[in-house]
Amino acid sequence: MKDKYDEMWKKLDLDITAHEALLTVLGQFYDDIYLTQQGRLKGMEYLDFVMSEVHGLRIKELQDAKDEGRKVIGTFCIFVPEELILATNAVCVGLCAGAEAGFDLAERYLPRNTCPLIKSFFGFHLARLCPYMSSCDMVVGETTCDGKKKAYEIFSKFKPTYVMEVPQTKSHEAKALFRSEIVRFKQHLERLTGVTITPEKLSQSIKIVNRRRKALQRLNALRRATPAPISGRDALLINQIAFYDDPLRFAENIEKLCDELSERVNSGQGIVPEGTKRVLISGCPMAIPNWKLPYVVESSGAVIVGEESCIGYRNTRDLVREDGETLDELLDALTERYMKIDCACFTPNEERLDHIVTLARELKVDGVIHYALQFCQPYSIEATRVEERLAEEDIPFLRIETDYSMEDTGALKTRVEAFIETLD
Ligand code: BJ8
């Protein structure tokens, strides 16, 4: 990949040597965690290809879009309505990062005890390692957790940053506030891109994003089958790539993969033997290339059958209603759908507890592993409520708190293995 894209990376002001080293480590990590799996679906070849070109071909596509006069907009949270971005003919890319890179640089601006997801996007940019961030004309933050909202104030020095206000309750007034934030964001995008969002354009982009969600919903539904037809690692990868890839191309490929998966389910085939313990992971998002816990779980004799997370079920569960005709109706439909997100930043957040129980039942899981990133207060604290609720439902529960380093892998494995042994 090096020779082919060196010029492009130089133009994007990447640190070429450090970037090459990153790609080498990432490639090795991917080979070990993904390509060693047995019996993968043929459809995963598309995902392997996208991953192999994640800093290459996809970035070239972004540059080509920019050459055509389109804008590239980066986001960090599923609260930012991608439909509005697409309706201005801009490209939307997810920027959350899942590796410990550039933390020394990030810590010049952020306290050491900051959530690794925040340090990672700072670190990737400051260390000049992220061609997605470099390609962005604007990044969109949001007032969800305190760490993120304060970090965006500092980050705006490095990149044009727009911040959406996300309320912390689901009251009538909070929904009205979010509706007005959607309008403000729409107006900002129109000024940035010079494109007016019409009902036709918005309606079309709602259908595009829904199509991707429906493909992922189908994938999730197929994972209810016993034995599990796809590994949790592969399913997570699919959900992660959804944030980078072209939405329609991605949806088409996942639909094909689901056809193959469906045949596998119908013939009673699994990726693991019948009787393998089934686990639901619940909690913080796992951004690329954060595959540590899934690898630990699946190399300990269990299989992950669902992710109650923003890189997973929380992002795909709800569709936007497609029956609106006027701009007002479509903006109402966006508000309604986005305010269903049950992020731990909300209080109270009973829906999330209900959703975890429903999902655990639907997926016939033997246990739930709650995953919180270190220093993530919303999810770490909400874990207590999740634990209490699952105890009432008699669903086994394990609480994990970790970061992006590999140092605790052995200790995590010991705890996960012990948990899996207790599942009956
Ligand atoms: S809607 S989960 S994507 S905010 S892990 S940065 S919460 S300290 S990522 Fe999130 Fe939107 Fe919510 Fe989803 Fe803060 Fe926690 Fe770090 Fe987090």
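The values are calculated or read from the model by the stated rules, or taken from the named source; none is laboratory data. This structure is a prediction, so every number in the text was calculated from the model and none was measured. Backbone-built Cβ (ideal geometry, glycine too); neighbour counts: all protein chains shown. Heavy atoms of the whole protein, side chains included, go into the accessibility calculation; ligands, DNA and RNA do not. Shrake-Rupley method; radii C 1.70, N 1.55, O 1.52, S 1.80 Å.
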* Structure fact -> Flagged pairs (Cβ under 7 angstrom, 6 or more apart or on separate chains; first in the stretch 373-387, in the same structural domain as residue 354 (by TED's automatic domain parsing); second among the polar types (S, T, N, Q) and more than 10 Å from the ligand (Cβ to nearest atom)) are 374/402; 375/113; 382/349; 386/282
* Asked: Among (1) away from the ligand (no atom under 16 Å from the Cβ); (2) touching a helix residue (DSSP H, G or I) at 6+ places or on another chain (Cβ under 6 Å); (3) not in a loop (DSSP other than H, G, I, E, B), where does residue 328 come up short?
  -> (2)
* Taking the stretch 399-413, which residues are under 18 Å from residue 301 (Cβ atoms) and either loosely packed, with under 12 Cβ neighbours inside 10 Å or among the aromatic types (Phe, Trp, Tyr) (or both)? -> 410, 411
* Asked: What are the residues in the stretch 1-50 that are more than 25 Å from the chain's Cα centre (by Cα), β-branched (Val, Ile, Thr) and open to solvent by less than 80 Å² (accessible area, probe 1.4 Å), if any?
  -> 16
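Just wondering, is there one or more residues in the stretch 265-284 that are open to solvent by less than 20 Å² (accessible area, probe 1.4 Å) and among the small types (Gly, Ala, Ser)?
Yes, the stretch 265-284 contains a residue that is open to solvent by less than 20 Å² (accessible area, probe 1.4 Å) and among the small types (Gly, Ala, Ser).
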* **Subset of the stretch 122-144 that is within 16 Å of residue 77 (Cβ to Cβ) and aliphatic (A, V, I, L, M) - its residue that is nearest to the ligand (Cβ to nearest atom)** => 140
* To do: Read through the list (1) in contact with a strand residue (DSSP E or B) (Cβ under 7 Å, 6 or more places away or on another chain); (2) within 12 Å of the ligand (Cβ to nearest atom), then give the number of the only condition that residue 119 fails.
  => (1)
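Does at least one position in the stretch 234-245 carry a residue that is in contact (Cβ under 8 Å) with a residue 24 or more places away in the chain and open to solvent by 40 Å² or more (accessible area, probe 1.4 Å)? Talk me through it step by step, then tell me what you get.
The initial filter retains those residues of the stretch 234-245 that are in contact (Cβ under 8 Å) with a residue 24 or more places away in the chain, namely 234-245.
Subset that is open to solvent by 40 Å² or more (accessible area, probe 1.4 Å): 243.
Within the stretch 234-245, one or more residues are in contact (Cβ under 8 Å) with a residue 24 or more places away in the chain and open to solvent by 40 Å² or more (accessible area, probe 1.4 Å).
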* **Residues located in the stretch 1-52, provided they are of a type outside the set (Asp, Glu) and not in a helix (DSSP H, G or I)** => 1, 12, 14, 36, 37, 38, 39, 40, 41, 42, 43
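If you check 394, 354, 323, 342, which single one turns out to be closer than 29 Å to residue 118 by Cα and part of a loop (DSSP other than H, G, I, E, B)?
342
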* Asked: Considering the stretch 179-196 alone, what residues qualify as being part of a helix (DSSP H, G or I), in contact with an Asp or Glu (Cβ under 8 Å, 6 or more places away or on another chain) and farther than 15 Å from residue 73 by Cα?
  -> 179, 181
* Within the stretch 357-387, which residues are open to solvent by 50 Å² or more (accessible area, probe 1.4 Å), away from the ligand (no atom under 12 Å from the Cβ) and part of a helix (DSSP H, G or I)? -> 358, 361, 362, 384, 385, 387
* Structure fact -> Those residues of the stretch 324-371 which are closer than 17 Å to residue 313 by Cβ and among the hydroxyl-bearing types (Ser, Thr, Tyr) amount to 338, 358, 371
